[in-house]
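The structure appears right after this line, and notes come after that.
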Amino acid sequence: MNTEKFTHEKVLWVKRHTDKLMTFAISRPAAYRFSAGQFSRLGLNLNGTTIWRAYSIMSPEYAEHLEYIAVLIPNGDMSLCFQNMQENNCIYLDKNATGFLLPQRFADGRDLVMLSTGSGIAPFLSQLNQINLWQRFEHIVLVHSVSHTDELIFSGRLQQLSSHPLVGEYAHRLTYIPITTQDNGGMLHQRIPYLLSNGTLSRTCQIDFNPQDTRFMICGNPSMVEDTYSALKQLGFTMNRNRTPGQILMENGF
Ligand SMILES: Cc1cc2nc3c(=O)[nH]c(=O)nc-3n(C[C@H](O)[C@H](O)[C@H](O)COP(=O)(O)OP(=O)(O)OC[C@H]3O[C@@H](n4cnc5c(N)ncnc54)[C@H](O)[C@@H]3O)c2cc1C
Ligand SMILES: NC(=O)c1ccc[n+]([C@@H]2O[C@H](COP(=O)([O-])OP(=O)(O)OC[C@H]3O[C@@H](n4cnc5c(N)ncnc54)[C@H](OP(=O)(O)O)[C@@H]3O)[C@@H](O)[C@H]2O)c1
């Protein structure tokens, strides 16, 4: 029996979207289980040492391969490995996926609002391919805040949801709100906490955000997660915990 905690996988393809943004896919071992919203630990070799980092899985639970997005950080060790990574390279995959950003943790709710910055959109892209999510919520809002328009690389993929064989019939339930904070290419241009506090997000998606009906999931920049949580708290929303149901689930995307 193989007792290693990780498997050796193959990089199937790499796409470079901007100088700091790439997506890639790796082979998936038959025994690899995860829930949409969880992350993998991936390992690569740098100068004889294996570096491990967390990456949210973008693929649906039923996918044959595992897809990820990586934001390349100046002087980051893993970013350096990714810069040189090519198809057919070997990559290590920890056998266990983890994470608690799971919509099934909400006991109830009518509207689901997914708030993300940068690579924090990844768990939500995975979840949008799951039929149970669409059957569960009447309205789904995906907010993605990036600095510049060329980082909005998923607009086409989101448009294609309407022809998706599993979830396509529900895709009209989605409102996608791209935000660019450093240029005018997005639909809105301020940071998420500000747009929540002054009611712009609620007005833009024409949903009355309220504790009875609305559930929020937050993922991305740790300072955005903290500031967004504070803004929602001010509006009367609370954290969802196992023993005390609330309206907010969050995860630092790095
Ligand atoms: C739960 C979880 C999920 C994650 N999912 C992803 C993912 O899907 N895609 C992804 O690119 N990264 C993700 N990360 C971050 C990832 O694990 C690495 O930290 C990142 O790739 C940088 O690694 P590095 O070795 O190059 O630099 P590091 O030395 O690890 O990072 C240097 C600094 O860069 C900043 N940073 C790290 N990640 C990001 C990011 N994604 N966007 C903007 N700034 C960042 C932080 O300030 C960090 O302290 C995730 C992290 C966690 C904890
Ligand atoms: N060296 C540089 O000059 C430089 C410049 C940018 C990024 N970087 C680095 O490059 C990496 C990736 O950058 P990135 O742009 O993909 O990720 P990012 O810095 O997390 O920005 C993504 C989005 O999150 C927003 N945001 C940041 N902090 C927030 C907060 N507290 N509340 C609400 N929204 C917030 C940003 O708005 P804003 O645009 O208003 O911040 C932007 O729309 C990071 O490591 C970053 O430090 C370096």
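The values are calculated or read from the model by the stated rules, or taken from the named source; none is laboratory data. This is a predicted model, so every value here is computed, not measured. Here Cβ is always computed from backbone atoms with ideal geometry, including for glycine, and neighbour counts include all displayed protein chains. Keep in mind that these areas ignore ligands, DNA and RNA; they rest on the heavy atoms of the full protein, side chains included. Shrake-Rupley method; radii C 1.70, N 1.55, O 1.52, S 1.80 Å.
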Checklist entry - Given the residues 198, 210, which is the only one that is open to solvent by 40 Å² or more (accessible area, probe 1.4 Å) and in the same structural domain as residue 229 (by TED's automatic domain parsing)? => result 198
Checklist entry - Mind checking whether some residue in the stretch 55-62 is of a type in the set (A, V, I, L, M, F, W, C), open to solvent by less than 10 Å² (accessible area, probe 1.4 Å) and outside any strand (DSSP E or B)? => result yes
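For every residue, the table says whether it meets (1) of a type outside the set (Phe, Trp, Tyr); (2) touching a residue at least 24 places away in the same chain (Cβ under 8 Å); (3) touching a Gly at 6+ places or on another chain (Cβ under 8 Å); (4) more than 13 Å from ligand 1 (Cβ to nearest atom).
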residue: 8; (1), (2), (3), (4): yes, yes, no, yes
residue: 12; (1), (2), (3), (4): yes, yes, no, yes
residue: 19; (1), (2), (3), (4): yes, yes, no, yes
residue: 30; (1), (2), (3), (4): yes, no, no, yes
residue: 36; (1), (2), (3), (4): yes, yes, no, yes
residue: 40; (1), (2), (3), (4): yes, yes, no, no
residue: 57; (1), (2), (3), (4): yes, yes, no, no
residue: 67; (1), (2), (3), (4): yes, yes, no, no
Checklist outcome for this item: residue 203 vs (1) open to solvent by less than 40 Å² (accessible area, probe 1.4 Å); (2) out of contact with any Lys or Arg (no Cβ under 9 Å at 6 or more places or on another chain); (3) more than 13 Å from residue 112 (Cα to Cα); (4) without any contact (Cβ under 8 Å) to a residue 12 or more places away in the chain: all pass except (1)
Item to check | Matching option when the condition is without any contact (Cβ under 8 Å) to a residue 24 or more places away in the chain and either within 16 Å of ligand 1 (Cβ to nearest atom) or not aromatic (Phe, Trp, Tyr) (or both), among 215, 241, 191 | outcome: 241
Checklist entry - Can we say residue 115 is assigned to a strand (DSSP E or B) and either modelled with pLDDT of 95 or more or open to solvent by 10 Å² or more (accessible area, probe 1.4 Å) (or both)? => result yes
Item to check | Candidate set: the stretch 64-86, residues that are crowded, with 20+ Cβ neighbours inside 10 Å and within 11 Å of ligand 2 (Cβ to nearest atom); chosen: the one farthest from residue 36 (Cα to Cα) | outcome: 70
Checklist outcome for this item: Checked the stretch 134-143 for anything open to solvent by 10 Å² or more (accessible area, probe 1.4 Å) and either touching a residue at least 40 places away in the same chain (Cβ under 8 Å) or touching a Gly at 6+ places or on another chain (Cβ under 9 Å) (or both); matches are 136, 139
Checklist entry - Looking at the stretch 99-112, which of its residues are of a type outside the set (A, V, I, L, M) and open to solvent by less than 30 Å² (accessible area, probe 1.4 Å)? => result 99, 103, 106, 109, 111
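So which of 47, 89 ends up being outside the structural domain of residue 219 (by TED's automatic domain parsing), modelled with pLDDT under 95 and either over 18 Å from residue 125 (Cβ atoms) or buried (at least 17 other Cβ atoms within 10 Å of the Cβ) (or both)?
Working: 89 fails: modelled with pLDDT under 95.
Among 47, 89, only 47 is outside the structural domain of residue 219 (by TED's automatic domain parsing), modelled with pLDDT under 95 and either over 18 Å from residue 125 (Cβ atoms) or buried (at least 17 other Cβ atoms within 10 Å of the Cβ) (or both).
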Item to check | residue 92 being in a strand (DSSP E or B), within 16 Å of ligand 2 (Cβ to nearest atom) and not small (Gly, Ala, Ser) | outcome: no
